[in-house]
Amino acid sequence: MSKRFTSLALTAHPPAATRRGRGRSRRVVAPFTAVSVLVAGAALAGCGQQRDADVYTVMNSSTDESYHRWDAEAMARCGKELGVTIEQQSVPAAQVMTKALRMASSKSLPDIVQFDASEMPTFADAGGLVDLRTLGLSTDETPDGIVDFGSYEGTYYGAARSVNTLALFYNKDVLDKAGIEVPTTWAELRESAKKLTQGKQYGLALSAGGAEDGVFQFTPFMWSNGGDETDLDGPKVVEALDYWKGLLKDGSLSKSTVNWTQADVNDQFMAGNAAMMINGPWQVETLNSDTSLHWGIAPIPVPAAGDDSVGPLGGAVLTVPNTGDEARERTAGKIVACLASEKEQLTYALNSWMVPANAKAAAVWREKVPELDSLADQVAVARSRTAKLGAGWSSVSLALQSAFQSALTGQSSETALKRAQQRATSGN
């Protein structure tokens, strides 16, 4: 794994990148009422700190050395173009929201915050963000689904530089030796995983940990089966969780699945402890560090042949906090536009293995990394977790996290999800 910065905050001339699953810290979901009070207070009071007129700050989660450097280089280029200095402040992904809230309460919000897209609606709902279209940002070259990904109640608050989703990664040598074709349906995946489970090697690795990683990994099974986040105890969601339970019962999944993050899953795959895994493109850099590992990528199997493989649209968005300083907000908007430009998106995506949000950049990206072409196809039909529920997604996520822990350690899926629906509805 890449070396990580150990300080809580770093300043330089760089950018922002949330990589789902790269870190092992767990995301903290702040109560909505607390967000509303803190953010509204900051917006009404305006900008409380004295700032250097030509220095702008971006807060992100680029604590990984490579991502911090790539973002620094992008910010240096945009700073030169705009005639300003752009400083980067990086904190662990799980701390971005709480850090932003503390800064809001002390009226010291940065000029730009890169939120995980699932967290952005909470800040937007509280009136804490500026409509990027009012700052001159265009979405003409961005697919509608990705515009929606950065929007809340029809207002465009977050510009994505890249997006990602999940896919099935497999060890080519292991599958070839076993004479097994890459599975495309749930039945094929279950059968293949069972056959590939031998010795210390499990057939499949996935994250069902009690954090957003596990929820992120469950959504393609829930959505591809016709389940919905507004009806957690519905039969289609129960079937999806029962499918996970079946893999565990077969012995195809490690019992440690309930504790694993997506980074843990990747570690298991690279160590030869899993023949296949569910994961995302943020792992490619690490996978490629082992030249003896011959891996392939395919869409996540679906319940029945012909079904759509609907995965979660993941990634982060660049936002401009509502500080009350309109002049700084306009310049911050120009910085966001530069960082999210076609050229910068392509550079960032080729470094990080993510898919560019800009349609023209994505077309070039496909040509340059054909081995991930199927991932781009999945992104095209992926869904945003917050599209239906907005700020209410956090309650659903917490409820599902608890359901996984209960169902995968003995409770029936129906009982666990009935409780999850009650929790999501009540917010407790």
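The values are calculated or read from the model by the stated rules, or taken from the named source; none is laboratory data. This structure is a prediction, so every number in the text was calculated from the model and none was measured. Because the Cβ atoms are built from the backbone with ideal geometry, glycine has one as well, and the counts that use them run over all protein chains shown. All accessible areas refer to the heavy atoms of the entire protein, side chains included, with ligands and DNA or RNA removed. Shrake-Rupley method; radii C 1.70, N 1.55, O 1.52, S 1.80 Å.
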Practice task
Tell me, yes or no, whether region 188-202 has at least one residue that is without any contact (Cβ under 8 Å) to a residue 60 or more places away in the chain, under 20 Å from residue 278 (Cβ atoms), touching a strand residue (DSSP E or B) at 6+ places or on another chain (Cβ under 8 Å) and in a helix (DSSP H, G or I).
Solution key: yes
Exercise for the section: With the condition kept exactly as written, say whether any residue in region 134-144 is open to solvent by less than 10 Å² (accessible area, probe 1.4 Å) and either in a helix (DSSP H, G or I) or modelled with pLDDT under 95 (or both). Expected result: no
Problem - Among the candidates 208, 263, residue that is open to solvent by less than 30 Å² (accessible area, probe 1.4 Å), in contact (Cβ under 8 Å) with a residue 60 or more places away in the chain, of a type in the set (A, V, I, L, M) and assigned to a loop (DSSP other than H, G, I, E, B) - result: 208
Fill in the blank from the handout: Filtering region 388-427 down to residues that are open to solvent by 10 Å² or more (accessible area, probe 1.4 Å) and more than 16 Å from residue 230 (Cα to Cα) yields 402, 405, 406, 408, 409, 410, 411, 412, 415
Fill in the blank from the handout: By residue number, the members of region 355-377 that are surrounded by fewer than 24 Cβ atoms within 10 Å (Cβ to Cβ) and closer than 27 Å to residue 94 by Cα are 376
Completion exercise
How many residues of region 188-222 are acidic (Asp, Glu) and modelled with pLDDT of 95 or more? The answer is 2
Completion exercise
When region 70-125 is checked residue by residue, the ones that are in a helix (DSSP H, G or I), of a type in the set (Ser, Thr, Tyr) and open to solvent by less than 40 Å² (accessible area, probe 1.4 Å) are 98, 122
Fill in the blank from the handout: Across (1) more than 24 Å from residue 401 (Cα to Cα); (2) modelled with pLDDT of 95 or more; (3) not in a strand (DSSP E or B), residue 170 clears everything bar (3)
Handout entry: Which numbered condition residue 182 fails, given (1) part of a strand (DSSP E or B); (2) surrounded by fewer than 19 Cβ atoms within 10 Å (Cβ to Cβ); (3) of a type in the set (A, V, I, L, M, F, W, C)
Key = (1)
Practice task
Please enumerate the residues belonging to region 268-285 that are buried (at least 19 other Cβ atoms within 10 Å of the Cβ) and within 19 Å of the chain's Cα centre (by Cα).
Solution key: 277, 278, 279, 280, 281, 282, 283, 284
Handout entry: Output for region 310-349, where each listed residue is closer than 17 Å to residue 152 by Cβ, part of a loop (DSSP other than H, G, I, E, B) and either open to solvent by 10 Å² or more (accessible area, probe 1.4 Å) or β-branched (Val, Ile, Thr) (or both)
Key = 320, 322
Completion exercise
The lone condition residue 155 fails out of (1) touching a helix residue (DSSP H, G or I) at 6+ places or on another chain (Cβ under 9 Å); (2) modelled with pLDDT under 95 is (2)
Problem - Criterion (charged (D, E, K, R), closer than 16 Å to residue 413 by Cα and surrounded by fewer than 24 Cβ atoms within 10 Å (Cβ to Cβ)) met by exactly one of 200, 255, 249 - result: 249
Handout entry: The listed residue being surrounded by 24 or more Cβ atoms within 10 Å (Cβ to Cβ) and without any contact (Cβ under 8 Å) to a residue 12 or more places away in the chain, out of 162, 151
Key = 151
Exercise for the section: Say whether the condition of being in contact with a helix residue (DSSP H, G or I) (Cβ under 7 Å, 6 or more places away or on another chain) and either surrounded by 24 or more Cβ atoms within 10 Å (Cβ to Cβ) or without any contact (Cβ under 8 Å) to a residue 60 or more places away in the chain (or both) is met by at least one residue in region 170-177. Expected result: no
Exercise for the section: Give the residue that is farthest from residue 58 (Cα to Cα), with candidates limited to residues of region 323-347 that are polar (S, T, N, Q) and at pLDDT 95 or above. Expected result: 347
Exercise for the section: For residue 230, indicate whether it is under 21 Å from the mean Cα position of the chain (by Cα) and buried (at least 22 other Cβ atoms within 10 Å of the Cβ). Expected result: no
